[in-house]
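See structure below.
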């Protein structure tokens, strides 16, 4: 082991390993940011804005791109490579500055920065897990809803084709929300208007989150925000996902509920006004969101005709778009990384050969037989 450490050239191995990490992060941020900008342009189209579920799917692909920058080579020359070459000069300059300024001369500082980043991500993930656990514990202590609300929840669940969830009532200053992924719980505040159409709309909205598996993707968003906490584009993408998710559930309410867009908008306003008169909630997870988001949701309800159903052509187009944007870029990012890996592998083989030669020359090595040594019986 001492011989191996003495043979390793830290001036070569450490800079190349750090260079590999930097190139991976560069490719991740580059392709994810480019696809986020392209998605923003595409979602400005009124056809997509009227279909929030489609908008959610496009933004979900943009977020996934940050975790799959190059992707499998479905095509020999994918759009990711075209986008990367469009700003190749910027990428080249950025890579040169980061590698030559940080890696070559500030290797120790680079490793310390990487360690600080890992520690920050672990702390953010720990805070996220603790907050989710505390929220679940507090929700499970709430009282169950009455028989009338449970019956209404069963009817709404049958309408949307989902399993009947547990409904609990809270006096806390929360708006309606869904807590949990495997066994979701619908939480309703006690001050929800008692009108049947209003309660039905609220339950349809929350059950819409369960039908769309939003609690699962919400956890993925929190992980993405923890891993890329330093990159504002990721936070912008997750904000767009939250907006599209709420609008998609609003479309479900209008498609399956016995309420008009005008009445549903007034119900949202009453819920937001009542929540604002109470103190702020101590635990995150409210469904109404910010004032700007509420305004955009109401504008969407009143100015558009929400479309909730997916057609075969729309599903096919979305699948093709996903294959295109998640494929390619093999010759721009992966080639450099593979080259670095090959160089590090060759260097490791050379160091191993040197270690073996050093061990063979050591006369006290018990694994190498000395000349003239015979076995004595």
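Some values worked out for this structure:
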| quantity | calculated |
| --- | --- |
| Cα gyration tensor shape of segment 135-250, rounded if a/c is under 1.5, else prolate or oblate by comparing a/b with b/c | prolate |
| In nm, spacing of pseudo-spin labels at residue 292 and residue 223 (7 Å Cα→C-beta vector) | 2.8 nm |
| Point-to-point label distance, residue 323-residue 117, nm (Cα→Cβ direction, 7 Å offset) | 3.4 nm |
| Gain on full stretching of the segment that runs from residue 147 to residue 195 - 0.36 nm per residue minus C-alpha separation | 15.7 nm |
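Every number in this text was worked out from the coordinates using simple rules, so none of it is lab data. All values reported here derive from a predicted model rather than from experimental measurement. Cβ: placed from backbone, ideal geometry, glycine included. Neighbour counts: every protein chain shown.
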